[in-house]
Amino acid sequence: MTMDTLLLFYKIQTETVSAKDYISWAETELIKGRESPSLFIITSLSEVDNIFEVEAYFKRACKELEIDHHPSFESCARAYLHGLAERILNSQRASEGFTLARHVFTIVVDLDDPDDLMAWHFISDQIDQLFYDLSNNDLSGEGIVRRIKEECSIIVNQT
């Protein structure tokens, strides 16, 4: 799995980052042709290594690569949204689309519900109705998936 720098910073800011995330990020940077001593060290580490050790090498790598600023939470979250939207568009399974759509909705809420993403509230409500309101026969899973993919196309095309 590739790990974009903004996605890594999103995970850092939301305190969901793992050693595996740092390792994936370092591997992605090397694939992009960026090199530094600490990047090579990070890629040699294991997912079970102490997270504090991995973070120390990450900070060194940032200095070596001159990544000295922390992007805004919004730019990180929107980068993550973009990645999730691409995954949904490429997904062939409706269940995966629903799961990822719930992640999108969580990020929308974390961003304080920006106007351009308000459709995800409606989508979240529809998913809940589909799964939890057994008396509602008006909703079609295919229709919801189509709506999710339409909104994902908007996200992908915005950047």
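The values are calculated or read from the model by the stated rules, or taken from the named source; none is laboratory data. What you see is a predicted model, and the numbers here were worked out from it, not measured in a lab. Cβ placement follows ideal geometry from the backbone for every residue including glycine, while neighbour counts extend to all protein chains displayed. SASA here: full protein model, heavy atoms, side chains in, ligands and nucleic acids out. Shrake-Rupley method; radii C 1.70, N 1.55, O 1.52, S 1.80 Å.
Some points to look at:
- Scanning the stretch 13-50 for residues that are open to solvent by 50 Å² or more (accessible area, probe 1.4 Å), among the β-branched types (Val, Ile, Thr) and within 18 Å of LEU65 (Cβ to Cβ) returns ILE31, ILE41.
- Qualifying residue in the stretch 83-94 (condition: farther than 21 Å from LYS11 by Cα and in contact (Cβ under 8 Å) with a residue 60 or more places away in the chain): yes
- Restricting attention to the stretch 1-29, the residues being of a type outside the set (A, V, I, L, M, F, W, C), in contact (Cβ under 8 Å) with a residue 12 or more places away in the chain and in a loop (DSSP other than H, G, I, E, B) number 4.
- Only one of the listed residues (ASP133, ASP112, ASP125) is farther than 17 Å from LEU7 by Cα and within 20 Å of the chain's Cα centre (by Cα). That residue is ASP112.
- For the stretch 30-49, the set of residues classified as part of a loop (DSSP other than H, G, I, E, B) and free of Cβ contacts under 8 Å to residues at least 12 places away in the same chain consists of LYS32, GLY33, GLU35, listed by residue number.
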